[in-house]
Amino acid sequence: MSQKNIFQNTSKITVFVIILGLLFIAGCSKDDKNPPTSQVVEEYDRATMLTNYADGYILPAYNEYVKSVDSLKTAINTFNSVLDINSLLNLRIKWENALLVWQDVAFLEFGPAQNISFRSQTNIYPVDTNLVINNIASGSYNLQLASNFDAKGLQALEYLINGSGNTDNDIVNYFTATPNARIYLVDVINDIETNTNYVYNEWVNTYRTNFISNSASNAQGSSVSNIVNAISLHYETFIRKGKIGLPAGVFNGFSQQPMPEHVEAYHHAESLPFVYRSLVALQKFIRGENYSSSVNGEGLEDYLNFVRAQSGGQPLVNLINNQFTNINNELGNINDPLSIEVINNNQGVRDVYQQMQQMVPFIKVETANALEVMITYQDNDGD
C-alpha cells in the first residue's frame, strides 16, 4: 500500500473518531437537559418535606379554621338571641373570616377530608336557595345526605344572612318571624363544626403519623401523590373553573353566556377576596412556607429544584411563581361584584381565566411528570 493510501485511510479514521467524539459530547449535553432519572426522584428526603407540611402548614391551618368556625357559631347563637342589625353585621364579619380561612385548607382534600367529602359538604356554590327555603319551611331534613350538600355549608349561611331580605331590617324581620330559619342556621353551623372537628382530630390523633410515614415512593396512594393530585384538582376545578371560568361563561356550552349566579358568595357581593386568598394559600403551600410564620421549610418547590425540573429550558418553580404573579396582576384589572363584572367586563374576567389556564400544565403535567406522580382524576374540560 502506498504512503498516499495510508495517509488517506488514516485521515478518514481520524475524521470518523472526531465525529464520534462530537456525537458523544452532543449526546451527553442533551442528556443533561432530560428529566432526572427515577433514582434522583427517589433520593429526595420526602419524610422531611411531609413533616414540614404536617406541622408547619396543615395542622396550624386546620386549627385556625376550627377557631374561625367556633367564632362563627358564637356569632350565630348571639344573633338568634338578640335579632338586631348589629348582631347581623357581626355575624357577617365572622362568616367572611371563616370563608377566607376555608380557602387555606380547601385544597387539602385527601385523607380525613376526602373520607367525608369535606369540600363538598362545606362550600358548594351556587347554593340551591329553593332547597334551603323548602327545608326551612318543612322543618324536616337530613343535612348529611348528599342531596342536601348544596343547601348547607358556608354558602347556605351566606344566602340566609345576606339574601333572605332586601335590606338588613328585612333580614332581621325574616329571622324574627321564622323560628325554623333560626334553627336552620344552628343546624348548618353544627354540621360544619362536626365535619371540621372530625378532619382536624383525625389529623392530630392518627393521620399525621400515617401521612409522614407514607413516604416510601410517589406511587398512587402515597402522600406525595395525594398532595400533587389534590393541588392540581383543586386549582384546575375549584379555582380556575369554579371561581372564574364558570361565572364568566367559559363552560356555558355553545352560548358562552356569563353565569353571574355562579360566583362565590353571590349575595355577599364580594367574591375576589376569596380568589386572592385561595391563590396565596396554594402558592404558600407549594413553597413549603409555614402557615403562621415566615419560616420556609421543605416543600414541593424544593423537591422540584432537587430533581432539576424544567419546562422550556427554564426552572419549573420559576415558571410557577411567575404565573402566580401574572394571575394576580390580571386579577387587579377586574372588580367586585364579580356577578356584575362578568357581564359588564366579561373579557377582563376571561383574561384572568386565560392566565389561570396557563398554570394548569405547570402543575398537572410538568410537576406530576418531574416527580413521577400519576394524575388520578379526570376532567371534562377538554384542556
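Couple of notes before you dig in:
- For segment 164-173, filtering for residues that are surrounded by 14 or more Cβ atoms within 10 Å (Cβ to Cβ) and out of contact with any Phe, Trp or Tyr (no Cβ under 6 Å at 6 or more places or on another chain) leaves 4.
- Conditions (1) buried (at least 21 other Cβ atoms within 10 Å of the Cβ); (2) over 29 Å from ASN162 (Cβ atoms); number of the one not met by ASP302: (1)
- Single condition ASN328 does not satisfy, out of (1) under 20 Å from the mean Cα position of the chain (by Cα); (2) crowded, with 19+ Cβ neighbours inside 10 Å: (2)
- Restricted to segment 170-289, the set of helices (runs of 4 or more DSSP H) holding at least 3 residues that are of a type in the set (Asp, Glu) comprises 179-202.
- Complete set of residues in segment 290-303 that are part of a helix (DSSP H, G or I) and either under 19 Å from the mean Cα position of the chain (by Cα) or free of Cβ contacts under 8 Å to residues at least 24 places away in the same chain (or both): LEU300, GLU301
- Among the residues of segment 305-321, those identified as surrounded by fewer than 18 Cβ atoms within 10 Å (Cβ to Cβ), out of contact with any strand residue (DSSP E or B) (no Cβ under 9 Å at 6 or more places or on another chain) and assigned to a helix (DSSP H, G or I) are ASN318, ASN321.
- Where helices (runs of 4 or more DSSP H) sit wholly within segment 43-153, those with at least 2 residues that are on the phi < 0 side of the Ramachandran plot, surrounded by 17 or more Cβ atoms within 10 Å (Cβ to Cβ) and hydrophobic (A, V, I, L, M, F, W, C) occupy 46-52, 59-82, 85-105, 129-138.
- Whenever a residue of segment 329-344 is at negative phi, its partners that are hydroxyl-bearing (Ser, Thr, Tyr), lying with C-beta atoms within less than 7 angstrom and at least six residues away or across chains, give the pairs LEU331/TYR276; ASP336/SER271; LEU338/SER271; SER339/TYR266.
- Filter pass, VAL365 being in a helix (DSSP H, G or I), farther than 15 Å from LYS241 by Cα and within 17 Å of the chain's Cα centre (by Cα): yes
Read the figures in this text as sums done on the coordinates, not as results from a lab. Quick caveat, the model's predicted, so the values are computed rather than measured. Don't worry about glycine lacking a Cβ; one is built from the backbone with ideal geometry, like all the others, and counts go over all protein chains shown.
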